[in-house]
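See below for the structure under consideration.
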Amino acid sequence: MADKPHASGRVKAGDVTQRVGVEQLEKRGIDVDQLIEKLVDAAGAEFTTYYYYTILRMYLAGNEDYKEICEDARLEDRAHFELITPRIYELGGTIPYDIRTFADRAGCPDAYLPGSENGKRPMKNSRDIVTHVKADDILEVLLEAERCAIRTWSEICDITFGKDLRTFDMASRILQEEIEHEAWFIELLSMEREGVARPSGHFRRGDPGDAPYSKNRGFYNP
Ligand SMILES: [Fe+2]
Ligand SMILES: [Fe+2]
């Protein structure tokens, strides 16, 4: 009978306390505990950014084109959260049980609305909204959030490249969209603030939330 070198390994047959999918990463030099921590921080940033972009999109009042592009970036962040979170569990981890812990752990700063005093603005009544907020200030917040995301996913790609193909595939797909997002907001901010054309190459997504790279439509569509 032919030799079957992969029929057994360090993890014993029937042992559900260990994962060959993790063992093989460790064998290739991945610190899986550290990777899980970084993925939780990154997932937290996607989740909180999705929340803050909801506010930022609302306050791009009067700029339908900016609103639409902000909406694409917002829904794609939700897709990024959805894509990467199951991977944390596959690796044996979990996201925090308390959403406050999750938000505090987010690897990127809160994308506060300009004029909201870093989110601390007291409201005299329920309709005491920020009324003087400039589109270019919002676009700068959006731009810097995308830049943090690019740094985050580039690091995950570096850690996993050639070793953890599954996490790498997810992170690289997210990274591709983050790079697009940065280009979009450079284009919009440059023209809005300086009147200078710095084209991004963007036209428009099909439908909002299409997330062409990160939407795991084929086999996972929550
Ligand atoms: Fe994202
Ligand atoms: Fe983004």
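No value in this document is a laboratory result; all are computed from the given coordinates. Keep in mind it's a predicted model, so treat the numbers as computed, not measured. Ideal geometry is used to build each Cβ from the backbone, glycine not excepted, and the neighbour counts take in all protein chains shown.
At a glance:
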| item | result |
| --- | --- |
| Selection count, the stretch 177-212, where residues are within 16 Å of ligand 1 (Cβ to nearest atom) and either crowded, with 20+ Cβ neighbours inside 10 Å or among the charged types (D, E, K, R) (or both) | 10 |
| Residues (more than 14 Å from ligand 2 (Cβ to nearest atom) and surrounded by fewer than 17 Cβ atoms within 10 Å (Cβ to Cβ)) located in the stretch 141-160 | Glu155, Asp158 |
| Of residues in the stretch 34-52 being under 11 Å from the mean Cα position of the chain (by Cα) and either outside any helix (DSSP H, G or I) or of a type in the set (D, E, K, R) (or both), the one nearest to ligand 1 (Cβ to nearest atom) | Glu46 |
| Criterion: out of contact with any helix residue (DSSP H, G or I) (no Cβ under 7 Å at 6 or more places or on another chain) and surrounded by 13 or more Cβ atoms within 10 Å (Cβ to Cβ) - qualifying residue of Ala79, Ala73, Ala42 | Ala79 |
| Subset of the stretch 45-81 that is of a type in the set (Ser, Thr, Tyr) and touching a residue at least 24 places away in the same chain (Cβ under 8 Å) - its residue that is nearest to ligand 2 (Cβ to nearest atom) | Thr49 |
